[in-house]
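Report on the following structure.
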Amino acid sequence: MAETSVALIVGANRGIGLGVAGEFLARGWSVIATARQPDQASALHALAERHPGRVRIERLDMNDPDGIDAFGSSMRDQTLDIVLVNAGVAGPDHRSATAATEDEIGRLMFTNAIAPIRLSRRLMDRIRRDSGVLAFTSSVMGSVALNPGGHELYRASKAALNSLTRGLHAEMSGRKVTVLTLHPGWVRTDMGGPIAAVGVEDSARGMVEVMLSQQGGHRHRFLDYLGKEIAW
Ligand SMILES: NC(=O)c1ccc[n+]([C@@H]2O[C@H](COP(=O)([O-])OP(=O)(O)OC[C@H]3O[C@@H](n4cnc5c(N)ncnc54)[C@H](OP(=O)(O)O)[C@@H]3O)[C@@H](O)[C@H]2O)c1
């Protein structure tokens, strides 16, 4: 019998991560879904009930370095076909480098850029060779080439993520893994707001299709949810 493919979605209890988890399940995959507070992740538990035996819910807070390391160790016997590091925050409401405190910058950069790399280093040996994909939910706002100004802190955090993922891809060159930084579209979530252009289901379907289409490519690419290349 064919082995079920496994996707790990980090930050899967709501928004885009929840949508991506649902999309993989609809395609017959098994999903390891992380949440900061698994007992309160009611939408994930509902998915688990709809797909018996195919959803594992794990606790992971990306602001807890020891927790990241422990989570990595807990995956040691698991082969992962696709990893999507999706958890992210918008940062302080004032959005200004001039107004920002060290704490605000530290938290934003750690959650959006540093923690994803720390976690990926812990997981890289677990990703299936050749067809494996390590993907990050970045944003077109992380593009330096396409930056019209505004939202400077969030942009900087995603630009840092993009740069770090480039280094990670270089570091993983012997492992034959595809590394993707993905723009999900402007999506109607708590972060994207109610007037955003794209629904969660459309974004999630596109993200999954893009990840599947890149399996075996072994490149590092910056793509949107429709597969369009984004300038770095
Ligand atoms: N929505 C958009 O238009 C848009 C556009 C471009 C990129 N993005 C990116 O897409 C990703 C998902 O965004 P979204 O729109 O789905 O946002 P969302 O609805 O606010 O969901 C954010 C997710 O990230 C998790 N998260 C935040 N901080 C975390 C931490 N320290 N540890 C673990 N999990 C954490 C949240 O968990 P809790 O429930 O515990 O807070 C939640 O599951 C983010 O990386 C965001 O930057 C979004």
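Each value in this text was obtained by applying a stated rule to the coordinates, not by laboratory testing. Keep in mind that this is a model prediction, so the values were computed, not measured. Positions of Cβ are backbone-derived with ideal geometry, glycine not excepted, and every protein chain shown enters the neighbour counts.
Nearest 10 degrees, 0 to 90: what angle lies between the long axis of helix 152-171 and the longest principal axis of the chain (Cα atoms)? Once rounded, one gets 50 degrees. Dividing the Cα radius of gyration of region 29-146 by 2.2 N^0.38 Å, with N the residue count, gives 1.19.
Mind checking the angle between helix 15-26 and the chain's longest principal axis? C-alpha axes, 0 to 90 degrees, to the nearest 10. Rounded to the nearest ten degrees, it is 20. With the Kirkwood sum run over all distinct C-alpha pairs, the chain has a hydrodynamic radius of 17.6 Å. For the chain, the longest principal axis of the C-alpha atoms and the axis of helix 65-74 are separated by about 20°. Applying a DSSP loop filter and a limit of 11 other Cβ atoms within 10 Å to the trypsin sites (Lys or Arg not before Pro) in region 1-105 leaves Arg76.
Using the Cβ-Cβ distance between Ala97 and Asp190 with R0 set to 30 Å, the FRET efficiency works out to roughly 0.80.
Note on region 1-29 and region 211-228: Cα centroid distance 17 Å, given to the nearest whole angstrom.
When the charge dipole of region 33-171 is built from unit charges on Cβ atoms (+1 for Lys and Arg, -1 for Asp and Glu) and taken about the Cα centre, the candidate among Leu134, Gly150, Ser163 whose Cα reaches farthest toward its positive end is Leu134.
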